[in-house]
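Okay, so here's the structure we're looking at.
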Amino acid sequence: MEPNDTIPAAPEASAAAVPAHRPRPRGRTTLIIAAAALLGIVGGVAVGYGVQAEREPTPLTALSQPGLGYPAKPLSADRAPAPLPAAQDRRVKTDGDLRKLLVDRPEGAKKTLIDELGLGDGWEPIDQYAEMKFENPHYMFEAMAEQGLRRVASTSWDQGKYRNTEVHLLQFRSGELLGASEHFEGQMTYMPEAEKGAGNMGDAIKGSREGRYFLYPVERKAGYLPFYRARALAVRGDIALDISISDSSPISKKDIRTLAERQLERL
């Protein structure tokens, strides 16, 4: 190129030829920071776990109680407490003849038979109790069997022209389930209902923490005498108490209450 020759000027780059700047996608920076923080936490936990694993076990502090709360050796015969008298041992009473704990019939009342075999010995078959007392006897039989129902002692009597009274003692086996309480609670759930039960909350029985007695509304049907009912439910240990009174005349609260209290006193 000659000295006098001029260098041609470079053509101006057009705006279209300049590559456009691509902005960084939104959120990428946040993801990078979050990932770094997560890695830092994981790494810190791993390091801390490794340090702790290498340490010697820390011994527990000594117990403040110097010895056990019961003698290491059985007491000698002269120092051992005397066994509980049978009169004070409720287990002796209830594990015996349960029929002897049934309340006595009122004077002048006529004994009636409950068992279908006509033996009148005071023992009532469990299936018969379910059949006579519940609308769904098959379900109740299975439910009481699962609750550990052991035996049923019953008595019944008639007074006047139409009054009938039935007393049932249901004893359940000892175990993890509190069968008597479960049976009682199951009965109590529907007693306040008008369709299945008495339609009211009942009244408390003296001498029982949860026991209650109920008066049902009178049932009237054309061609029949009025039908009055009362029922008492309670629990004492492994025994559930179920008392029923029926009559064509009104039943007073005193009648069902005093009968339930008398029965509880014998358990």
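Close contacts from the stretch 152-163, counting a first residue that is within 27 Å of residue 183 (Cα to Cα) and a second that is of a type in the set (Val, Ile, Thr) and assigned to a strand (DSSP E or B), with Cβ to Cβ under 6 Å and a gap of 6+ residues or different chains, come to 155/167; 157/165. The residue list 174, 181 contains one member that is open to solvent by 60 Å² or more (accessible area, probe 1.4 Å) and not β-branched (Val, Ile, Thr), which is 174. Do we find that residue 66 is at pLDDT below 95, exposed (fewer than 10 other Cβ atoms within 10 Å of the Cβ) and more than 23 Å from residue 261 (Cβ to Cβ) in this structure? It is true that residue 66 is at pLDDT below 95, exposed (fewer than 10 other Cβ atoms within 10 Å of the Cβ) and more than 23 Å from residue 261 (Cβ to Cβ). For the stretch 208-235, the candidate set comprises residues that are part of a loop (DSSP other than H, G, I, E, B) and among the aromatic types (Phe, Trp, Tyr); within that set, the residue that is farthest from the chain's Cα centre (by Cα) is 224.
Residues in the stretch 123-148 that are open to solvent by 60 Å² or more (accessible area, probe 1.4 Å), of a type outside the set (Phe, Trp, Tyr) and part of a helix (DSSP H, G or I) were compared, and the one that is nearest to residue 242 (Cα to Cα) is 132. Scanning the stretch 184-202 for residues that are open to solvent by 20 Å² or more (accessible area, probe 1.4 Å), at pLDDT 95 or above, of a type outside the set (D, E, K, R) and assigned to a loop (DSSP other than H, G, I, E, B) turns up 192, 199, 200, 201. Can you tell me which of 256, 243, 205, 239 is of a type in the set (Val, Ile, Thr), surrounded by 14 or more Cβ atoms within 10 Å (Cβ to Cβ) and either over 24 Å from the mean Cα position of the chain (by Cα) or modelled with pLDDT under 95 (or both)? None of the others qualify; the one that does is 256.
The values are calculated or read from the model by the stated rules, or taken from the named source; none is laboratory data. Computed from a predicted structure; not experimentally measured. For neighbour counting, all protein chains shown are included, and Cβ atoms are generated from backbone atoms with ideal geometry for every residue, glycine included. For accessibility, only protein heavy atoms count, side chains too; no ligands or nucleic acids. Shrake-Rupley method; radii C 1.70, N 1.55, O 1.52, S 1.80 Å.
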